[in-house]
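Beneath this line is the structure, given in C-alpha cells, with notes to follow.
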Amino acid sequence: MAKEIERKFLVASDSWRDTADSGTRFLQAYIVTMDDRSVRIRLMDDTRAKLTIKIGSGSMTRDEFEYEISVAEAKDMMSMAVGLIIEKTRYEVQHHGFLWEVDVYSGAHEGLVVAEVELDAEGDTPALPDWLGAEVTGDPHYSNQYLSTSPLVSKADHELSYSPF
C-alpha cells in the first residue's frame, strides 16, 4: 500500500524561481470528497491525466493510490466535479537532496502559493529553504480537497508577504 508523507508550507518569497523547472499546468477536480477520503482527477498540461484515491485523516501521512487514465476520461470525470476545478502551475525545486513542489494557484485561488515536500518517513528533516513561510501541514484550509469547495475568501491572506522594494 502506498503512503503519502508530506509537509506543506506557505511561500514567503519568489526566490524559489531561481532554481525551479518550467512548471506543469494542472487542472484538478474532486469527484468524491469526504472527511477521511477523496477521489480526484488531475489533468497535466492537457496531455496526461491521473486518478488518485486518498484515504486517511492524518496530518502528514495518508494512503494514496494513483493511476494513469486517458485525457478523455479525465475530462469526462471533471465535468462531474464536486465544487471548483482547481487551477495551478506546479514547479519542482531541488533543495539539499529533497524535491520541493511549489504550487502557484490561479483562478478562484489566485494569490495562493504553497510548497510541499514528500518524505520517506515522518521523521525525515529536510533542510528548509529560506523562501518558505509558515508551515501549514495538517491545516485543512490548505488541502486541495478543501480548496475545491471553498473559493479564496481574501487574496491578501495568501499573497507573498515580502516586498521586493
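The values are calculated or read from the model by the stated rules, or taken from the named source; none is laboratory data. Remember, it's a predicted structure, so these values are computed and weren't measured experimentally. Neighbour counts are summed over all protein chains in view; Cβ atoms, including those assigned to glycine, are modelled from backbone coordinates with ideal geometry.
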List every residue pair whose Cβ atoms lie under 8 Å apart, where the two residues are 6 or more positions apart in sequence or sit on different chains, the first residue falls within the range 76-100 and is in contact (Cβ under 8 Å) with a residue 40 or more places away in the chain, and the second residue, located anywhere, is of a type in the set (Val, Ile, Thr) and not in a strand (DSSP E or B).
-> Met78/Ile85; Val82/Thr149; Gly83/Thr149; Leu84/Thr149; Val93/Thr19; Gln94/Thr19; His95/Thr19
Residue set Phe9, Phe26; condition among the hydrophobic types (A, V, I, L, M, F, W, C), closer than 19 Å to Ser106 by Cβ and either touching a Ser or Thr at 6+ places or on another chain (Cβ under 6 Å) or in contact (Cβ under 8 Å) with a residue 40 or more places away in the chain (or both); output residue Phe26
Single condition Ala2 does not satisfy, out of (1) farther than 19 Å from Tyr142 by Cβ; (2) within 16 Å of the chain's Cα centre (by Cα); (3) at pLDDT below 95; (4) of a type outside the set (Phe, Trp, Tyr) | (2)
Take the range 111-123 and flag every residue that is in contact (Cβ under 8 Å) with a residue 40 or more places away in the chain, surrounded by fewer than 17 Cβ atoms within 10 Å (Cβ to Cβ) and over 21 Å from Ile86 (Cβ atoms).
-> Asp120, Ala121, Glu122
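For every residue, the table says whether it meets (1) modelled with pLDDT under 95; (2) in contact with a helix residue (DSSP H, G or I) (Cβ under 9 Å, 6 or more places away or on another chain); (3) surrounded by 14 or more Cβ atoms within 10 Å (Cβ to Cβ).
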site: Ser22; (1), (2), (3): no, no, no
site: Ile31; (1), (2), (3): no, yes, yes
site: Arg42; (1), (2), (3): no, yes, yes
site: Thr47; (1), (2), (3): no, yes, no
site: Lys54; (1), (2), (3): yes, yes, yes
site: Tyr67; (1), (2), (3): no, no, no
site: Met78; (1), (2), (3): no, no, yes
Filter the range 63-97 for residues that are more than 20 Å from Glu4 (Cα to Cα), part of a strand (DSSP E or B) and of a type outside the set (Val, Ile, Thr) and give the result.
-> Glu87, Lys88
Residues satisfying the stated conditions in the range 7-20, i.e. of a type in the set (Asp, Glu) and loosely packed, with under 14 Cβ neighbours inside 10 Å | Asp18
Do we find a residue being under 26 Å from Gly133 (Cα atoms) and part of a strand (DSSP E or B) anywhere in the range 12-24?
-> yes
